[in-house]
Amino acid sequence: MVVMGNNVSSRLSIPIFHQEWWLATVSRQTFSSIDVEMGGKIVSRFPFVRKKRLGSYVIRMPKYTRTLGPHFSLPPSKTFRYEQNIRHVVDQTIARLPKYHGVHFYLDPENDSAFAFRLAGFKVYQGFTFRIMPEKSLETAWQDCDQKTRNLIRTADKKLSVQESADVELFITLVEQELPQNHHDYPLLRALFTEAYSRGQAIALYAYDGEVPVSAALLIWDDNVLYYWQAVRVRNSKVPGLNMLLIWKALEQAKKRGLIFDFDGFGSVRTAKMLASFGQKPVIRPEVRFETFSYTIKRYVLNIVRRRVLRKYRSYDLS
């Protein structure tokens, strides 16, 4: 049995991007979800937003949401039965989706549905992030880093002071200052951070050179993963290692809470190489897509325009 609804549990055991408050806030109360039942119990919930883009309907993640897809609560079973149940749930979910010309979302690295979507005719690509597990000590994580990265973090740590904050306004000010042309939705960003902080699931980190803020990061988390969610730096700062220092301080926050630290992907080759210098293996974050031929052509044209914009503004958030 498949049921569509809008009630998503807000328990912290659910990933932050699936929690009801997140979905309601980030979608401005416009998200939908498909529930799949087995044996009278809900075993999967797939939340999404449906947008009309270039005259085509697209099912996708809301802005600022890193991963989505079905969230499973399947009963324990042997591997064959478990995988069979996932395929059944995915098939049932797809069958109940509203009319669409395109589908696009990223799965959490721990989500097991990529194979089922591939068998259902969707394309599955490999996106990547980096993660540090909670059982790895800070000392081991430090030794994993490239020597140059350690030196840059040490240098920045001597010259800068890092403060925790509940204030997102300084972050927004720095973004406006450093990236005046960007795709941020400030009211939405402000609302998401405020809601997360009020639930004990967010904090801002600011690095100061004397009394001048030179970099900032927004961290969000659930009871499993802490995400290095948003970041900005002052480009003309003469202190090297601004980003690396805040990443390290964010890792310390994850360690303090016993959480996985997720570097939260990357938007350029340069950033990817910087993150790789922390010495962790890339972790696959599957990208799931489906497109009709007409929507493929439309998206191709749109991507050409996007690439031209990104050549000028490489650091802002397009999600």
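Structure above, values below:
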| read-out | value |
| --- | --- |
| Selection from segment 288-308 of residues that are among the β-branched types (Val, Ile, Thr) and either in the same structural domain as Gln181 (by TED's automatic domain parsing) or not in a helix (DSSP H, G or I) (or both) | Val288, Thr292 |
| Qualifying residue in segment 209-227 (condition: part of a loop (DSSP other than H, G, I, E, B), surrounded by 15 or more Cβ atoms within 10 Å (Cβ to Cβ) and either at pLDDT 95 or above or of a type in the set (A, V, I, L, M) (or both)) | yes |
| Segment 91-115 - residue that is assigned to a helix (DSSP H, G or I) and within 22 Å of the chain's Cα centre (by Cα) and, of those, surrounded by the most Cβ atoms within 10 Å (Cβ to Cβ) | Ala114 |
| Within segment 128-149, tally of residues that are among the basic types (Lys, Arg) and under 14 Å from Gln280 (Cβ atoms) | 2 |
| Counted residues, segment 179-194 - those being in a helix (DSSP H, G or I) and surrounded by fewer than 18 Cβ atoms within 10 Å (Cβ to Cβ) | 6 |
| The listed residue being in the same structural domain as Asn243 (by TED's automatic domain parsing), among the β-branched types (Val, Ile, Thr) and farther than 15 Å from Trp229 by Cβ, out of Thr173, Thr194 | Thr173 |
| Complete set of residues in segment 19-52 that are within 28 Å of Glu291 (Cβ to Cβ), polar (S, T, N, Q) and surrounded by fewer than 22 Cβ atoms within 10 Å (Cβ to Cβ) | Ser27, Gln29, Thr30, Ser32, Ser33 |
| Which numbered condition Val162 misses (of (1) buried (at least 16 other Cβ atoms within 10 Å of the Cβ); (2) farther than 29 Å from Arg257 by Cα) | (2) |
| Check on Ala204, in a strand (DSSP E or B), in contact (Cβ under 8 Å) with a residue 12 or more places away in the chain and not basic (Lys, Arg) | yes |
| Verdict on Lys63 being surrounded by fewer than 21 Cβ atoms within 10 Å (Cβ to Cβ), of a type outside the set (S, T, N, Q) and under 17 Å from Ile220 (Cα atoms) | yes |
| Cβ-Cβ under 7 Å pairs, at least 6 apart or on other chains, segment 118-146 side under 28 Å from Lys255 (Cβ atoms), far side of a type in the set (Gly, Ala, Ser) and assigned to a helix (DSSP H, G or I) | Ile132/Ala141 |
| Criterion: more than 22 Å from Thr173 (Cα to Cα) and exposed (fewer than 15 other Cβ atoms within 10 Å of the Cβ) - qualifying residue of Lys238, Lys256 | Lys256 |
| Cβ-Cβ under 8 Å pairs, at least 6 apart or on other chains, segment 208-232 side closer than 16 Å to Phe193 by Cα and not assigned by TED's automatic domain parsing to the domain that holds Gln177, far side surrounded by 23 or more Cβ atoms within 10 Å (Cβ to Cβ) and basic (Lys, Arg) | none |
| Check on Ala254, part of a helix (DSSP H, G or I), within 18 Å of Pro15 (Cα to Cα) and within 19 Å of the chain's Cα centre (by Cα) | yes |
| Top-ranked residue in segment 116-125 [being closer than 20 Å to His88 by Cβ and in contact with an Asp or Glu (Cβ under 8 Å, 6 or more places away or on another chain); ranked as surrounded by the most Cβ atoms within 10 Å (Cβ to Cβ)] | Ala116 |
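The values are calculated or read from the model by the stated rules, or taken from the named source; none is laboratory data. Model, not experiment: these values are computed from the prediction. No Cβ is skipped: glycine too gets one built from the backbone with ideal geometry, and neighbour counts run over all protein chains shown.
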